[in-house]
Amino acid sequence: MFSRRIQQRARHLVTLLIKPLARLGVTPNTLTVIGLLLSILAAVVIAQGLLVAGGLLVLFAGFFDMFDGAMARVRHAATTFGAFFDSTLDRYSESIILLGLLLYTLQRPDLHDAIWPFANEQRWMITLIFIAVVGSLMVSYTKARAEGLGLECKTGLLARPERVVILAIGLLSGTTILAVFLLAILSQVTAIERIVYVWRITITSQTLQTSKADVGASLTETLSGGKTTQSETGDHKGRPYASDALSKAKDTSADNLHVPATKLGTDEVREPSVLPVPTSIPPFNNGVHQE
């Protein structure tokens, strides 16, 4: 959802903020753990009904999701385990925050939001929280599974930064149920987008492979002695040479060139006694002009 220009500016700003911490020796994994702890604190605060404070903590915890990546770039300490560790704890963080929101909802059967047009808001909120959790996990899983198959999959409407911002705005503005509704729907849309994207890539790849296989089979059939043509093995009148003479000529030529056999009679064929050598003279006396 966020444009690349916004993402690049945010990364640049975060990099400037993170450089003093890098000089102190703080590691990227340390920031990842701090982000998880802040998410747990945000969940506890939200469960107590302090939605505004919870929204601020959600934003603050979300910043650490960018801080650890920026720290890895600044310190040149990006590792495979660090990327795995960061993605795993991000899933825990998001699920724990939504758990805090679920606990808040269960304590308030009279939940009411002025913007929400339907009754039984508590039941709606519980259902939407469940769908949002599943959608968040599926967005992450589709990307990870595609990358496990060697495919890059960064497409989609609602990645983690967008989900953090939407939930924080909902908590801060008192439109929590609307924010969760957007998370539930758009996260599922994002997961489906990635499924379709990978499907299109695999179909295109299979089509290209099939086309290459067909071309290769046709070329192999032509070179291995399918029906010979005038331009390949016939003389200028279109008469084919004997197949055994052609195969022997191919075997004895280093450049896969062949010379025509000399006819002694109606049926007898004499093999050329001199091996062919590369030459600029056309292989046939009268020449064969190929269109």
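The values are calculated or read from the model by the stated rules, or taken from the named source; none is laboratory data. None of these values were measured; they are calculated from a predicted model. No Cβ is skipped: glycine too gets one built from the backbone with ideal geometry, and neighbour counts run over all protein chains shown. Heavy atoms of the whole protein, side chains included, go into the accessibility calculation; ligands, DNA and RNA do not. Shrake-Rupley method; radii C 1.70, N 1.55, O 1.52, S 1.80 Å.
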Q: Please calculate the 1.4 Å probe accessible area of D86, with all protein chains present, and give it to the nearest 10 Å².
A: 30
Q | FRET efficiency, 1/(1 + (r/R0)^6) with R0 35 Å, evaluated for R123 and E152 via beta carbons | A | 0.30
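Can you compute the FRET efficiency between F81 and L208 using 1/(1 + (r/R0)^6), with r the Cβ-Cβ distance and R0 = 25 Å? Round to the nearest 0.05. Don't skip to the answer; put the middle values down first.
Numbers: r = 35 Å, r/R0 = 1.40.
The value I calculate is 0.10.
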Q. Of L102, Q48, L31, whose Cα points farthest to the positive end of the dipole of the range 1-149 (charges on the beta-carbon: +1 Lys, Arg; -1 Asp, Glu; origin at the Cα centre)?
A. L31
